[in-house]
Protein chains: 4
Amino acid sequence: MLSVDLNCDMGESFGAWTMGRDAELMDYVSSVNIACGFHAGDASVIRKTVETAIAKNVAVGAHPSFPDLQGFGRREMKMSATEIFDIVLYQVAALKGVCEAFGAKLHHVKPHGALYNCAAKDEATAKAIAEAVKAIDAKLLFYGLANSFLISEAEKLNLKTASEVFADRTYQADGTLTPRTQPDALIETAEKSVAQVLQMIKTQKVTATNSETIQICAETVCIHGDGAHALEFAKTIRQALIDNQIKIQSF
Amino acid sequence: MLSVDLNCDMGESFGAWTMGRDAELMDYVSSVNIACGFHAGDASVIRKTVETAIAKNVAVGAHPSFPDLQGFGRREMKMSATEIFDIVLYQVAALKGVCEAFGAKLHHVKPHGALYNCAAKDEATAKAIAEAVKAIDAKLLFYGLANSFLISEAEKLNLKTASEVFADRTYQADGTLTPRTQPDALIETAEKSVAQVLQMIKTQKVTATNSETIQICAETVCIHGDGAHALEFAKTIRQALIDNQIKIQSF
Amino acid sequence: MLSVDLNCDMGESFGAWTMGRDAELMDYVSSVNIACGFHAGDASVIRKTVETAIAKNVAVGAHPSFPDLQGFGRREMKMSATEIFDIVLYQVAALKGVCEAFGAKLHHVKPHGALYNCAAKDEATAKAIAEAVKAIDAKLLFYGLANSFLISEAEKLNLKTASEVFADRTYQADGTLTPRTQPDALIETAEKSVAQVLQMIKTQKVTATNSETIQICAETVCIHGDGAHALEFAKTIRQALIDNQIKIQSF
Amino acid sequence: MLSVDLNCDMGESFGAWTMGRDAELMDYVSSVNIACGFHAGDASVIRKTVETAIAKNVAVGAHPSFPDLQGFGRREMKMSATEIFDIVLYQVAALKGVCEAFGAKLHHVKPHGALYNCAAKDEATAKAIAEAVKAIDAKLLFYGLANSFLISEAEKLNLKTASEVFADRTYQADGTLTPRTQPDALIETAEKSVAQVLQMIKTQKVTATNSETIQICAETVCIHGDGAHALEFAKTIRQALIDNQIKIQSF
């Protein structure tokens, strides 16, 4: 029987500001990536999100970011490899400790936003992140963009990895995501998203924007938690996986 | 043979701003309290300070604070017990994880600045801090002001405690520190400081400002790391302890 | 003909987080208090809110706060009078400059949250705020809680003041707001809110929780912009004022 | 008689952290660039620095930055032109208002650190900064790297500009500064620095690292305020200018 992990970014509220319907979404995914305080998620949000995730029995991951609250970690910052190592170490350490305080084990790490995108394309950034994860706990699972430096650098350090694919993004013939600046970057309908996800899981291939069919390693599928239709979409994709006898579970 | 712990606050630099002569001071103390990022200490400062402390073989503690970088954690903030639990949990978790990444164990927790002072006088605040420490690791040592709620609340939770005394502060007949707003709050000469420290360690008593001699539990002595004469004073007090056959060691 | 100002706190979004339906609410009020970046409102939110307010032709005020983004400025911080002067000066200066860059004049200043509440009860805090406002522009209007030090200290400095009353809060016999910790602090129905507002504007009196009728100076009425029913309530109160021939206008 | 402006970055302390010997340095320069709170300078530091500058009779400028306190504004951040416009508008507005509160006029704007460097090379960034300055006050003087987009974009908007040269940096044959990553980027001796400054002011030319002599517009000379020898160097360069009958004055 085929199986796949469904992951979702969570804990993205901050202080008086609420974002996402975390508790509800946790009913549809198998793992969550929790913001660590640098782009979202204050200490109270983190603690509550960890408690909810444990109660809902989903695997808990850390979602470290560039230090940019106002930009939500979506703006690239030119930081040295050492600085990147240090901020990832701090954030993952904090999340791990909060998990353990409530009796859970930290399951994985997935970089957030601009840090994820930079590291996917830049070897040194990917390496610095992977080294920080390994320093914390060499058994942590490392989520990263399929076919990117995130995966290859983590593998070089003997970390276990999970190649991530996206339900609502299109792919180029070279295996990279179509940049958001291009008109066909996003898959607009739930139907097409579901079709792409099933194709990726069943065949480990995806049809690129130029109609070529390319290899893709689809071990964990990212579901977006924000937006008006996030919950509806999560239900739809979950049901489609069940209908296709694909088991939804974390590693 | 008598023994005592000498502790010092460290890791109080931030970004481009340097504070304290940490590496040098570590030659004279037996334990350090490292800022966790909320009043001082960014992720790089924390990592470097932890590495230095390990190399210098001093016991490493977490020094959590109110979230107030501009005020250096010295301004009281009205936070709920839950909020205090959450910020202490997060900060101690981060420090603990960074220590473990470099092969060391976190040794103790000592609240910083206004959080320390509030908790010394307020049962609920002290309890919230102690609960967070216990949630992280029930074996962590808890440093707090001798005779205060910090100690009594931690003891109620069965945490091991270290009662802290100050080398350069005078005491009231009720065992509390003379408030800094009063003219005789500070001990101005190294000679008198040393005399008070020796009295406290040897007799577990201190002479209050009204000349009464009162009981005080002196398990760890705080040495201040800032100020022009910090290093000189640390040397002086260390030598005085050695000359009096008092062993300087952490618990 | 009677007239009154209706004011609302706005510009309380931050980065990726949205709060309030500012543009819609501006159709119902005559003045707005815009967050200055210390409890909410980044530079982009401030600029957009100022532009919208100018387009909607409402009077623009600055809404300075304690520096506490995570606590939304709702937690009291122990700051010196000089520190309070400095943070109010900075925030009001920023708002004033942004207004002028778009061709508008800053109309008033109203302290936010815990800063407002502290200053209402503490003479030194109120004085420090009023001095900062006066230093920026002695012609700025100063909004403060009716019957409080906010008004009396501003008047001592010859600032023009607007005494603020609340539509959804009850009053004590001594003229203060019933603390939120008490069960009868909030007026729960729109009907009762409207009745209290009309009573205050028409008679400059209000019925306290102990049924006594007391004097109150009602020059500007605060409408809350958050919460599910904010927009509905703003419409209701505006219509009630119009129906009672009370003109809604800023000073 | 020749004249030139000597400028220095100031107000770079933050909270408990002190940087620079501002008051002393103000005796040697004719204009200062004051940090606005985004990379350094809290509200109290800003107010004190403005007061000192007024007392010392030096021209006051705003020194806006990327929002990166931990990185001291030295790390490039990928922000949109609108975001850059907004953060410059906010920071310059704040500084301008604080100046006016103490009876002074804001004299100029000079971008800081990574924002300065990005804008020197990127037309859109330079334009966004210049537009923000113009929106605040079209009469503000704009300091920027000689020969760069900072100057050309400001001129397109009809802002008055001051082309900045550096006393301690070498130049390439194309008029740009030698990147700090190259071994010959810095001029290490005071003697050579003084010689270069005198050459630039007297001849409006500079000898590049390849020995070519190129045109350079030297209207304001930047003196660095940090480092152990900053004060000594400021004295030396000031004396050299006086000895060469070059008047030191702001525009």
Sites residue A:55 and residue B:157 - FRET efficiency at Förster radius 22 Å, r taken between beta-carbons, to 0.05
0.35
Mind listing which GluC sites (Glu not before Pro) in segment D:199-251 are in a DSSP loop and have 14 or fewer other Cβ atoms within 10 Å?
D:212
Tell me which residues come under 5 Å, amide H to amide H, from residue C:167 once H is placed; ignore anything under 5 positions away on its chain.
C:222
Inter-copy label distances at residue C:173, 7 Å along the Cα→beta-carbon direction, one decimal in nm, shortest first?
4.2, 8.6, 9.2
Given points 7 Å out from each Cα along the Cα-Cβ axis, report the residue B:213 to residue C:121 separation in nanometres with one decimal.
4.5
How many Å² of accessible surface get buried when A and C come together, counting both sides, probe radius 1.4 Å, rounded to the nearest 100?
1100
Looking along the axis that carries chain D onto chain C, the residue of D whose Cβ comes nearest, with distance in whole Å, is D:94, 2
Within chain B, what is the longest stretch that has no trypsin sites (Lys or Arg not before Pro) placed in a DSSP loop and near at most 12 other beta-carbon atoms within 10 Å?
B:1-104
List for segment D:15-30: residues with 50 Å² or greater reduction in accessible area, all protein chains versus chain alone, probe 1.4 Å?
D:16, D:17
What is the distance in Å between the Cα centres of segment A:153-228 and segment D:216-233?
53
I'd like the chymotrypsin sites (Phe, Trp or Tyr not before Pro) in segment B:86-177 restricted to DSSP loop residues with at most 15 other Cβ atoms within 10 Å, sorted by number.
B:102
Tell me, what is the percent relative contact order of segment B:3-248, built from C-alpha pairs under 8 Å that lie six or more residues apart?
19
By the C-alpha gyration tensor axes a ≥ b ≥ c (rounded if a/c is under 1.5, else prolate when a/b exceeds b/c, else oblate), the shape of segment C:125-242 is prolate
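How much area per residue is accessible in chain D when the probe is 1.4 Å and only protein heavy atoms are counted (Å²)?
39
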Among the aspartates and glutamates, select those whose C-alpha is under 19 Å from the C-alpha of residue C:247, and discard any that sit fewer than 8 residues away in the same chain.
C:5, C:27, C:164, C:219
Per the 1/(1 + (r/R0)^6) rule, R0 = 25 Å and r from the Cβ atoms of residue B:228 and residue D:229, FRET efficiency to 0.05 is 0.75
Counting only protein heavy atoms, what percent of the accessible surface of segment B:102-223 is carbon or sulfur at a 1.4 Å probe?
51
For residue B:119, the net charge from surrounding residues (Cβ-Cβ under 13 Å; K, R +1; D, E -1) works out to -3
Along the Cα-to-Cβ line of residue B:202, 7 Å from the Cα, sits a label point; which residues in segment B:1-23 have backbone N less than 16 Å from it?
B:1-4
Helix-only [θ]222 nm of chain D, DSSP H runs n ≥ 4, -39500 (n - 2.57) each, per residue, nearest 500:
-12000 deg cm²/dmol
Total formal charge among the other residues, if their Cβ is under 13 angstrom from that of residue C:210, Lys/Arg +1 and Asp/Glu -1:
-3
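First check a/c for the protein assembly as shown, with a ≥ b ≥ c the square roots of the eigenvalues of its C-alpha gyration tensor; if it is under 1.5, answer rounded, and if not, answer prolate when a/b is larger than b/c or oblate otherwise.
rounded
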Are any of the pairs D:134/D:205; B:48/D:78; A:78/A:127 more than 20 Å apart by Cα-Cα distance, and if so, which?
D:134/D:205; B:48/D:78
Nitroxide proxy distance, nm - points 7 Å out along Cα→Cβ at residue B:249 and residue C:21
7.0
Per-residue average of other protein chain Cβ atoms inside 10 Å, peptide A:60-71 -> 4
Table column - 3J(HN,Hα) (Hz), segment B:45-56, Karplus curve with 6.51, -1.76, 1.60, x for Gly and Pro
4, 4, 4, 5, 5, 4, 4, 5, 4, 5, 4, 8
Could you tell me which of rounded, prolate or oblate describes segment A:198-249, using a ≥ b ≥ c as the square roots of the eigenvalues of the alpha-carbon gyration tensor, with rounded for a/c under 1.5 and, failing that, prolate when a/b is larger than b/c and oblate otherwise?
oblate
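FRET efficiency for residue A:184 and residue A:82, Cβ-Cβ distance as r, R0 = 35 Å, nearest 0.05?
The pair residue A:184/residue A:82 has a calculated efficiency of 0.35.
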Anchor residue C:192: aspartates and glutamates whose Cα lies under 14 Å away (excluding residues fewer than 8 positions away in-chain):
C:168, C:184
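The values are calculated or read from the model by the stated rules, or taken from the named source; none is laboratory data. These figures come from a predicted structure and were not determined experimentally. Note that each Cβ is placed from the backbone with ideal geometry, even for glycine, and that neighbours are counted across all protein chains shown. Note: areas computed on protein heavy atoms with side chains; ligands, DNA, RNA excluded. Shrake-Rupley method; radii C 1.70, N 1.55, O 1.52, S 1.80 Å.
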